[in-house]
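Each remark here refers to the structure printed beneath this line.
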Amino acid sequence: MYGVTPFGRNPLNLFSVFNELDRNFFNDTMQVNSCRTDIRDVGDKYVMEAELAGFDRDEISLDIKDSYLVISAERKNSSDENNNRYIRRERSYSSYKRSFDISDVDTENVNAEYKNGVLTIDLPKKKHEEPVSKRLEIR
């Protein structure tokens with residue numbers, strides 16, 4: 001009698017649902033949607049590398065708004081895939097969106113390349129000019 005619990009193995013049990021959610025979340029078995037990004041300072045520019053595996057080039061957008069670079073990617077399932085009989089489907093839709101402050105970047109000369117699931121962006125630094133000194137005339 002001591003081993004029997006009323007909330008044991010009933011799949012419709014509310015407590016088992018929360019326990020499963022808790023177990024999946026804290027044991028890191030749930031996939032976290034993230035766009036892992038590395039940024040290196042290589043002297044005259046920054047080099048940003050963002051993992052976007054599984055996306056096609058046309059599913060990725062790079063936008064510069066004010067002083068921010070916005071990387072976004074969105075993948076939707078195609079209509080011909082809807083006729084397949086999946087037992088489990090986890091890859092039907094995914095999207096990422098990240099923003100980065102690029103106020104120190106020359107936005108006119110930014111270059112990007114997408115190869116093998118990695119988006120590489122060259123962000124040249126703005127050239128800092130020395131302040132001009134001049135003598136003002138007093139009237």
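I need the full set of residues from the stretch 115-139 which are at pLDDT below 90 and β-branched (Val, Ile, Thr), in order please. Before the answer, list the steps.
Of the residues in the stretch 115-139, the ones at pLDDT below 90 are 127-136, 139.
Listed by number, the list holds a single entry, Val132.
Please tell me if Ser72 is surrounded by 12 or more Cβ atoms within 10 Å (Cβ to Cβ), more than 16 Å from the chain's Cα centre (by Cα) and at pLDDT 55 or above.
Numbers: surrounded by 12 or more Cβ atoms within 10 Å (Cβ to Cβ): yes; more than 16 Å from the chain's Cα centre (by Cα): no; at pLDDT 55 or above: yes.
Against the criterion (surrounded by 12 or more Cβ atoms within 10 Å (Cβ to Cβ), more than 16 Å from the chain's Cα centre (by Cα) and at pLDDT 55 or above), Ser72 does not qualify.
Just the residues that are at pLDDT 85 or above, more than 16 Å from the chain's Cα centre (by Cα) and surrounded by fewer than 12 Cβ atoms within 10 Å (Cβ to Cβ), please, taken from the stretch 88-103.
Ser103
Looking at the structure I just gave you, is Ala112 part of a strand (DSSP E or B), at pLDDT below 95, closer than 19 Å to Ala50 by Cα and aliphatic (A, V, I, L, M)? Even if it seems obvious, please write down each step before you answer.
Working: part of a strand (DSSP E or B): yes; at pLDDT below 95: no; closer than 19 Å to Ala50 by Cα: yes; aliphatic (A, V, I, L, M): yes.
No, not satisfied.
Rundown of residues vs (1) of a type in the set (Ser, Thr, Tyr); (2) not in a strand (DSSP E or B), yes/no style:
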site	(1), (2)
Gly43	no, yes
Met48	no, no
Ile71	no, no
Tyr86	yes, yes
Thr120	yes, no
Pro124	no, no
Ser133	yes, yes
Leu136	no, yes
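The values are calculated or read from the model by the stated rules, or taken from the named source; none is laboratory data. Everything numeric here is computed off the predicted structure, so don't read it as measured data. Cβ coordinates were reconstructed from backbone atoms using ideal geometry, including for glycine residues, and neighbour counts include every protein chain displayed.
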